[in-house]
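Engineer: Below is one structure. I have some questions about it.
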Amino acid sequence: MKEDQPSVTAQRVAMRRAAHQLVDDPKVFDDPVACRIIGRESASALQADPRQFETTPLAPYLRAFVAARSRYAEDELSLGVRRGIGQYVILGAGLDTFAFRNPYPEGTVRVFEVDHPATQAWKRQRLEEVGITLPDDLTFAPVDFEMQTLEDGLRNAGYDPDKAAFFSWLVVTEYLTTEAVMATLRFIASAPARSGVVFDYMISPSLLSPSQQSRLDAFTRRVASAGEPWQAFFDPEVLVKDLRAMGFGYVEDKGPEKINAMYFKNRKDGLRVGSLSHLMKVQV
Ligand SMILES: C[S@@+](CC[C@H](N)C(=O)[O-])C[C@H]1O[C@@H](n2cnc3c(N)ncnc32)[C@H](O)[C@@H]1O
């Protein structure tokens with residue numbers, strides 16, 4: 001990220017989540033706050049022409065993945081809540097809206113939004129601008145994953161390290177160094193039993209076919225020109241082994257076939273995810 005500036009890609013991802021609400025039928029991820037949080041101007045432009053921001057043929061794949069990862073994270077959260085988990089930590093929250101449509105009775109799920117301080121300050125201003133009030137169950141925890149530990153950030157926010165927690169980490173790992181990703185995962189591995197995380201990650205370029213590599217290059221150039229270059233890429237087999245070695249008892253990697261089978265089966269519009277990223281679910 002550019003120093004002291006909010007994430008540009010956070011707005012871009014939020015725009016895709018909002019576009020999904022307007023363009024795709026049936027929706028994979030239903031988010032009634034998605035259009036509001038992108039800001040008044042962007043919302044009216046999107047309403048006027050929901051496809052105007054989809055400037056490349058790859059746009060539907062990106063939109064599909066944005067929808068699928070949020071859906072997966074919140075589906076897994078709901079399983080966790082049924083097992084008694086009461087802390088939900090959204091890492092690199094950007095314009096995530098869960099906290100503002102938290103469906104659980106008050107006091108059931110405490111939400112911690114962890115994000116880079118500059119992005120978090122920008123989000124708070126956006127919430128005020130669009131008139132979204134802060135729920136009592138939400139706490140903001142500003143953390144720069146490259147400079148501070150998640151543990152310190154959460155401690156200051158009143159997170160209870162003795163209770164199990166569910167974490168989501170969506171569209172963030174690629175923007176960090178591998179060391180910062182692994183340090184955060186090690187912290188989650190040290191959380192009480194039943195804790196877990198859902199995150200997505202980019203596949204190592206060396207494992208991609210030439211056509212996948214050229215798609216990756218196109219994306220890489222776009223995010224780098226926004227000042228937020230991708231840094232961390234993983235080999236799924238190695239990552240699974242590393243996560244087991246950290247002490248996670250349950251590790252499940254989901255590639256595009258599994259994700260498409262879960263969320264995009266029998267669609268008439270052909271919407272589906274592409275093959276450059278995977279979803280990972282791990283539990284202590
Ligand atoms: C592409 S956005 C994704 C936002 C959100 N998770 C979503 O799915 O809409 C990337 C997020 O990672 C955060 N981020 C990037 N580098 C970070 C860092 N060093 N420390 C903390 N957060 C960081 C940005 O602030 C931004 O919110």
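Engineer: Just need a number here: residues in the stretch 36-63 that are out of contact with any Lys or Arg (no Cβ under 9 Å at 6 or more places or on another chain) and crowded, with 21+ Cβ neighbours inside 10 Å.
Structural biologist: 1
Engineer: A further question follows. Within the stretch 99-119, which residues are open to solvent by less than 10 Å² (accessible area, probe 1.4 Å) and in contact (Cβ under 8 Å) with a residue 60 or more places away in the chain?
Structural biologist: Passing the criteria: only 119.
Engineer: Of the residues in the stretch 152-177, how many are assigned to a helix (DSSP H, G or I), surrounded by 14 or more Cβ atoms within 10 Å (Cβ to Cβ) and either more than 14 Å from the ligand (Cβ to nearest atom) or not acidic (Asp, Glu) (or both)?
Structural biologist: Adding up the residues that qualify gives 5.
Engineer: Within the stretch 202-218, is even one residue buried (at least 16 other Cβ atoms within 10 Å of the Cβ) and within 15 Å of the chain's Cα centre (by Cα)?
Structural biologist: yes
Engineer: What is the one condition in (1) of a type in the set (Asp, Glu); (2) in contact (Cβ under 8 Å) with a residue 24 or more places away in the chain; (3) touching a helix residue (DSSP H, G or I) at 6+ places or on another chain (Cβ under 9 Å) that residue 136 does not satisfy?
Structural biologist: So the condition that residue 136 fails would be (3).
Engineer: Within the stretch 21-31, is there a residue that is out of contact with any Leu (no Cβ under 9 Å at 6 or more places or on another chain), outside any helix (DSSP H, G or I) and within 12 Å of the ligand (Cβ to nearest atom)?
Structural biologist: Checked the stretch 21-31: at least one residue is out of contact with any Leu (no Cβ under 9 Å at 6 or more places or on another chain), outside any helix (DSSP H, G or I) and within 12 Å of the ligand (Cβ to nearest atom).
Engineer: Of all residues in the stretch 155-188, how many are more than 18 Å from the chain's Cα centre (by Cα) and within 16 Å of residue 85 (Cβ to Cβ)?
Structural biologist: Summing the residues that are more than 18 Å from the chain's Cα centre (by Cα) and within 16 Å of residue 85 (Cβ to Cβ) in the stretch 155-188 gives 6.
Engineer: Separate question: Here is a list: 82, 71. Which entry is touching a residue at least 60 places away in the same chain (Cβ under 8 Å) and open to solvent by 50 Å² or more (accessible area, probe 1.4 Å)?
Structural biologist: Working: 82 fails: touching a residue at least 60 places away in the same chain (Cβ under 8 Å).
Result: 71 is the single residue among 82, 71 that is touching a residue at least 60 places away in the same chain (Cβ under 8 Å) and open to solvent by 50 Å² or more (accessible area, probe 1.4 Å).
Engineer: On the basis of being part of a loop (DSSP other than H, G, I, E, B) and either touching a Pro at 6+ places or on another chain (Cβ under 9 Å) or away from the ligand (no atom under 12 Å from the Cβ) (or both), does residue 57 make the cut?
Structural biologist: Values: part of a loop (DSSP other than H, G, I, E, B): yes; either touching a Pro at 6+ places or on another chain (Cβ under 9 Å) or away from the ligand (no atom under 12 Å from the Cβ) (or both): yes.
Here the answer is yes, as residue 57 does meet what is asked.
Engineer: Provide a single number: the residues in the stretch 119-145 that are acidic (Asp, Glu) and more than 29 Å from residue 194 (Cβ to Cβ).
Structural biologist: Here the count works out to 2.
Engineer: A further question on this structure: Show me the strands (runs of 3 or more DSSP E) found entirely inside the stretch 196-284 where at least 3 residues are at pLDDT 95 or above and touching an Asp or Glu at 6+ places or on another chain (Cβ under 6 Å).
Structural biologist: Those strands (runs of 3 or more DSSP E) span 277-283.
Engineer: Within the stretch 178-200, can you find the residues that are open to solvent by 40 Å² or more (accessible area, probe 1.4 Å), of a type outside the set (S, T, N, Q) and farther than 24 Å from residue 3 by Cβ?
Structural biologist: To start, the set of residues in the stretch 178-200 that are open to solvent by 40 Å² or more (accessible area, probe 1.4 Å) comprises 178-179, 183, 186, 190, 193-194.
After this cut, where a residue has to be of a type outside the set (S, T, N, Q) as well, the list is 179, 183, 186, 193-194.
The answer is 186, 193, 194.
Engineer: Can you tell me which of 173, 220 is in contact (Cβ under 8 Å) with a residue 24 or more places away in the chain and either touching a Pro at 6+ places or on another chain (Cβ under 7 Å) or within 24 Å of residue 255 (Cβ to Cβ) (or both)? Before the answer, list the steps.
Structural biologist: Details: 220 fails: in contact (Cβ under 8 Å) with a residue 24 or more places away in the chain.
Going through 173, 220 in turn, just one is in contact (Cβ under 8 Å) with a residue 24 or more places away in the chain and either touching a Pro at 6+ places or on another chain (Cβ under 7 Å) or within 24 Å of residue 255 (Cβ to Cβ) (or both): 173.
Engineer: Would you check if residue 23 is open to solvent by 20 Å² or more (accessible area, probe 1.4 Å) and among the β-branched types (Val, Ile, Thr)?
Structural biologist: Yes, satisfied.
The values are calculated or read from the model by the stated rules, or taken from the named source; none is laboratory data. Every value quoted in this text rests on a predicted model; they were computed, and no experiment measured them. Here the Cβ is made from the backbone with ideal geometry for all residues, glycine too, and neighbour counts use every protein chain on show. We work out accessible area using only protein heavy atoms, side chains counted, and drop any ligands, DNA or RNA first. Shrake-Rupley method; radii C 1.70, N 1.55, O 1.52, S 1.80 Å.
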